[in-house]
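Have a look at the structure below, then the notes.
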Amino acid sequence: MNTIASAFGFLAVAVVLLWLVATLAFQHATLRGVIGPWDVFKVLPSWSFFAPNPATRDSHLLVRDLLRDGTLTAWAPIASFPSRSLLHIVWHPEKRPRKILRDAAKAIRLTRSRSSSKGVTQCSIPYLVILHFCMTRHPFPANVLARQFATVDTSGRDNRRIWITFISEFHRP
Amino acid sequence: MTAFYASEVGVSLAVTKVLLAVWCLMSTLEWIRNFDLFKDDGLLSWRILSLRPGRIFRSDCATRLFCTRSTSVVLILRLVAAAALLVSNDALLLCAALLVIVATSYFLAARTWLGEDGADQMGQLVAIGALLMAAGLAAHEQVISFAGTLLIGGQLLISYFVAGFSKLLSPEWRSGHAVIGVMGTHSYGHALGARVLSGSGLLSRGFCWLVILGEMLFPLALFAPHDVLLCALAAFFLFHLTNAWLMGLNTFVWPFAAAYPSVVILGDLTTRSLGLD
């Protein structure tokens with residue numbers, strides 16, 4: 001029994017050493033492309049927090065509606081940013097949905113920049129995630145014919161700069 | 001060296017499991033607060049996420065596994081496991097609780113697909129390492145426990161070094177503009193931090209270089225005397241607490257701190273082996 005446990009222990013140490021070497025290699029963009037497909041269990045973390053590109057922009061999600069009379073409503077934001085408070089040191093659940101939206105918006109931008117047609121982006125899961133969210137969580141009055149969403153980045157607090165990063169097609173409910 | 005490790009691993013696991021439990025409780029309660037995300041009209045609706053590449057996600061089995069009811073059961077299991085980590089010192093019970101945390105972390109990563117952060121990654125790695133440590137104690141086999149210590153400590157050293165090195169490669173970090181930009185956002189910033197840091201170029205640049213050098217040089221602390229290593233870890237703990245306050249990264253504090261006891265053991269083993277103590 002002890003021999004088996006010892007053998008398992010040495011095997012575990014060898015696996016951990018390999019894991020650490022693979023983790024180091026995974027941090028390099030080129031090697032990540034090679035190793036990534038082998039990481040079936042997603043055990044290799046990415047440790048480059050806020051670097052090399054720091055998160056200097058806020059991501060916003062906006063929607064507007066095409067009404068049955070042909071007019072367009074104004075763009076309306078559907079996510080807000082509560083002010084930072086001391087409570088956030090122990091309790092900050094708002095960061096989760098915000099991070100999901102941020103990741104989805106980033107993935108849409110990447111897919112759009114890498115694909116030749118808009119159709120590819122519209123079939124991507126991040127696009128469908130945001131579209132589904134806009135369609136179900138924002139009220140849908142009876143006079144609305146179709147809805148469109150946009151992702152917008154801003155930087156700064158007082159003199160904000162704005163970048164429109166993506167505008168979707170109109171979608172019927 | 002073996003006797004030294006045997007005397008330290010129990011204490012190390014005792015501290016690690018409490019800090020890991022705090023992370024697990026905190027992050028799970030936050031998921032429960034956000035449970036609407038998992039519903040059919042939520043941001044993480046399985047109707048949409050099941051469409052991702054991989055036929056397995058569209059199977060009936062996956063639909064049953066990842067439905068809202070299963071997800072609520074998983075979240076409750078995580079709370080129970082975290083509570084068990086807090087109150088129990090029995091190695092076998094710890095193994096069971098840690099196994100639940102590892103398995104449910106995989107479940108949540110597969111279920112959510114989007115929105116995973118560095119705290120989730122470190123929490124999962126610490127849970128796997130602690131599981132090895134507890135299994136080693138249960139089986140009276142130090143080598144298994146050492147594999148866990150090596151995994152947790154090694155990942156922490158790599159994480160800080162890579163975070164620092166990636167910042168060194170960035171012109172925005174080297175110039176000090178990165179921290180002003182980040183503090184200027186509503187997602188990760190703070191009005192006070194933005195005001196203070198944007199008021200002085202020297203301060204923002206100095207802070208950025210402090211972070212770059214501190215993170216990059218952290219692995220050297222492994223060769224430092226015990227007290228110096230403790231001071232370095234205390235400084236990083238303070239750094240994580242500051243990030244929790246200014247950036248809202250509250251769940252990062254605990255899984256990273258949970259890795260510190262393993263680094264202390266690795267440091268002590270290194271200095272003893274090299275005769276530096």
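Annotations for the structure displayed:
- Average Cα contact separation per residue, region A:24-85, under 8 Å, 6 or more apart, as relative contact order %: 21
- The residues packed around B:SER72, meaning those with a beta-carbon under 15 Å from its beta-carbon, carry a net charge of +3 if Lys and Arg are +1 and Asp and Glu are -1.
- Summing charges over neighbours of B:PHE107, with a neighbour being any other residue whose Cβ is under 14 Å away from its Cβ, gives +3 when K and R count +1 and D and E count -1.
- Across region B:70-83, rounded Karplus estimates of 3J(HN,Hα) from the backbone phi angles (6.51 cos²θ - 1.76 cosθ + 1.60, θ = phi - 60°) give 4, 5, 5, 4, 4, 5, 5, 4, 5, 5, 5, 4, 5, 5 Hz, Gly and Pro being marked x.
- Using θ = phi - 60° and Karplus 6.51 cos²θ - 1.76 cosθ + 1.60, couplings along region B:207-217 (whole Hz; Gly, Pro as x): 5, 4, 5, 4, 5, 4, 5, x, 5, 5, 8
- Relative contact order of chain A: 22 percent, from C-alpha pairs under 8 Å at least 6 residues apart in sequence.
- Here the dipole of region A:1-129 is about 320 debye; that uses its Cα centre as origin and unit charges on the Cβ of Lys and Arg (positive) and Asp and Glu (negative).
- Which of A:CYS134, B:PHE239, B:CYS208, positive extreme of dipole for the protein assembly as shown (C-beta unit charges): A:CYS134
- 24 Å Cα-Cα reach of B:LYS17 towards lysines, excluding residues that sit fewer than 8 places from it in its own chain: A:LYS42
- Charge-dipole axis of chain B as Lys and Arg at +1 and Asp and Glu at -1 on Cβ define it, positive-most pick from B:MET133, B:GLY267, B:PHE57: B:PHE57
- From phi via Karplus (6.51, -1.76, 1.60), per-residue ³J(HN,Hα) for region A:135-151 in Hz, x at Gly/Pro: 6, 9, 9, 9, x, 10, x, 5, 8, 8, 8, 7, 10, 10, 10, 9, 10
- Long-range tail of P(r) for the protein assembly as shown (Cα pairs > 44 Å, %): 15
- Residue-averaged [θ]222 nm for chain B, counting only DSSP H segments that reach four residues, each worth -39500 (n - 2.57): -25000 deg cm²/dmol
- Chain B - percent relative contact order, Cα under 8 Å, separation 6 or more: 23
- Normalised convex hull volume, region A:70-173, alpha-carbon set, Å³ per residue: 140
Values in this text are rule-based calculations from the coordinates and carry no lab data. Computed from a predicted structure; not experimentally measured. All Cβ positions, glycine included, derive from the backbone under ideal geometry; neighbour counts span all protein chains shown.
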